[in-house]
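Heads up: the structure comes next, in C-alpha cells.
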C-alpha cells in the first residue's frame, strides 16, 4: 500500500530552489534540511498565477493536479504497482481503485521520451491524458 498525501514545504508550490545560505548560520550549518526551508520571497508569490513564468507554471500545475485528484477516486490512495518501461527516465505505475485503474507515466528527464508500443499493450487502456487533455496513444 502507498499513501497519497504529498509533502509541500513553503516555496515548493512556486518552484523555489534550495537555499544553501544556511551554512553561514552557526545554529543551522550542521543541519542540511535547512537547504529545503528557505525564507519566503513574497515577490515571487506575485508571479504564481502568471503561466508565462516558471513560478506560475509550477503553481498552476500543482493546482491542476489537486483538482485531478479530487475529481477521480482512483487517485485517492490505495495500491501502487510499478511497471518497467525500459526507459530510465520514465516511471510507469498503476493506481487501481475498485473497477477502475489509472496508468501513470512520469517523465523525469526534462525532455520528451518515447515508450515502445508493446509496453502499452500489456494493459487495456482507455487513453486519455488527464494532465494535457490529449492522448498521443
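The values are calculated or read from the model by the stated rules, or taken from the named source; none is laboratory data. In this text the structure is predicted, and so the values were computed from the model without any measurement. Quick reminder, even Gly has a Cβ in these numbers, built from the backbone with ideal geometry, and neighbours come from all protein chains shown.
At a glance:
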| read-out | value |
| --- | --- |
| Within the range 3-34, tally of residues that are surrounded by 11 or more Cβ atoms within 10 Å (Cβ to Cβ) and in contact (Cβ under 8 Å) with a residue 60 or more places away in the chain | 1 |
| Residue count, the range 99-115 (criterion: loosely packed, with under 14 Cβ neighbours inside 10 Å, more than 13 Å from the chain's Cα centre (by Cα) and closer than 16 Å to residue 69 by Cβ) | 1 |
| Residue count, the range 71-99 (criterion: touching a helix residue (DSSP H, G or I) at 6+ places or on another chain (Cβ under 6 Å) and over 24 Å from residue 116 (Cα atoms)) | 2 |
| Unique match (being surrounded by 15 or more Cβ atoms within 10 Å (Cβ to Cβ) and modelled with pLDDT under 90) among 37, 48, 57, 71 | 37 |
